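Have a look at the structure below before the remarks.
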Amino acid sequence: MIRVLALNAGSSTLKYGFFEATSEDERELLSDAITVDSSDSQAQALAVSEVLRRLHESAFEPQGIGHRIVFGGPRHLAHEIITPSVIADLRAEAIYDPLHLPIALDAVEAASRAYPGIPQIACYDTAFHASLPLVTRRLPIARELYPEIQRYGFHGLSYEYVRSQLGERANGRVVIAHLGSGASMAALRDGKPVDTTMGLTVLGGIMMGTRSGDLDPGVVLRLFQDGRTLGEVTDLLTNRCGLFGVSGETEDVRELLARRSTDAAAAEALELFAYIARKAVGALAAALGGLDRLVFTGGIGENAADVRAAICGGLGYLGAVVEVVATDEDAMIARHTAALVAKA
């Protein structure tokens, strides 16, 4: 067993876990999350410092530190040891994921300064989808833009973990719906990825908490024609759409469910979310040629039974088994980190 610190840096929290792990299993010793002040440019470094302080207090000395990196781009298709050139490449790719990538790299650099002799491992959400068929990866755009602009897919660490928990139940035609503040779905045939809803960026796919999901490109053009700047359009599509945008007040599904009987906007937001998700399941079932199993995971997928029921309404004709599997991205970070440290 290899001692691993798993770091999962987000815009408002830094999740972490201490593990003893192998490439196939893990034992969690401690996990928690630290709130991050997104207005402070040093926030991630301060949060990492606090994690490391707690690490020392627990007398846990890591042999490897694993980081969730959402976007690997066309040159980083597999989990890997982080080097200065990897960091430089990923900094250059931040245009595709300004929401997650700079924050994660800040955490990498802070951890590297604190433990300069410990391997730092990049665990990419996009790695799971690297074997997607060409017809899935290609977007219907000018040929010279490929392969830089393609369908990368996200939430890969979550899909990997759920697949590992399914075991033999992952055989056949399976759709996994990772529904949280960020949401996507993946189609698997005998455990191998066939398609996924997110595309070039984490803005694509189904409706999310504050992100729009797929839109007519003309919507984006119209936003620019109205005089908005790139920053304003990015903020709108990232932070003021989805459940939050349609409800007008909140993206919290618990609040929306509590209000839906008296708040028409809350009811509409939930109805639209379920409708778009239901269509996505149907589309992925078409890509698979049918559906044997529909698996829900993520904060909404695991906990909001009414939302699951609304999504499944009208899907009975598929004859699929429906189940819920709790995800654990940090456990997958620990496994991949242990595997790469063991080879180093």
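Bear in mind these aren't lab numbers, they're just calculated from the coordinates by the rules spelled out. Because the structure is predicted, anything quoted here is derived from the model rather than measured. In this analysis, Cβ positions are derived from the backbone assuming ideal geometry, glycine residues included, and neighbour counts consider all displayed protein chains.
Helices from the chain with mean Kyte-Doolittle at least -0.5 and a Cα length along the axis of 18 Å or more, per DSSP H: which?
43-57, 101-114, 264-288, 329-343
Within the chain, DSSP assigns beta bridges of which about 60% are antiparallel (rounded to the nearest 5). For the chain, the 222 nm mean residue ellipticity estimated from helices alone, with every DSSP H stretch of n ≥ 4 adding -39500 (n - 2.57) and the total spread over all residues, rounds to -12000 deg cm²/dmol. Arranged from fewest to most other beta-carbon atoms within 10 Å of their beta carbon, Thr196, Thr229 become Thr229, Thr196.
Multiplying the residue separation of Asp216 and Thr13 by 0.36 nm and subtracting their alpha-carbon distance yields 69.9 nm. If the segment from Leu223 to Asn303 were pulled out straight at 0.36 nm per residue, it would be longer than the present Cα-Cα gap by 25.3 nm.
Classification of the stretch 168-324 by its C-alpha gyration tensor yields an oblate form. The axis ratio a/c (a ≥ b ≥ c) is 1.5 or more, and b/c is at least a/b. Rounded to whole Å, give me the distance from the Cα center of the stretch 122-169 to that of the stretch 287-341. Spelled out, the Cα-based centre of one part sits 16 Å from the other. First check a/c for the stretch 47-175, with a ≥ b ≥ c the square roots of the eigenvalues of its C-alpha gyration tensor; if it is under 1.5, answer rounded, and if not, answer prolate when a/b is larger than b/c or oblate otherwise. Taking the square roots of the gyration eigenvalues as a ≥ b ≥ c, the stretch 47-175 is oblate. Taking label positions 7 Å along the Cα-Cβ direction at both Arg254 and Lys343, the computed distance is 4.1 nm, reported to one decimal.
Mean-square fluctuations from a GNM of the chain, with a 10 angstrom spring cutoff on Cα atoms, peak among Asp292, Asp190, Asp263 at Asp263.
Ordered by the number of other Cβ atoms lying within 10 Å of each residue's own Cβ, fewest first, Val162, Val325, Val219 fall into the sequence Val219, Val325, Val162. A simple spin-label model places pseudo-atoms 7 Å from Cα toward Cβ; at Ser85 and Asp32 they are separated by 3.9 nm.
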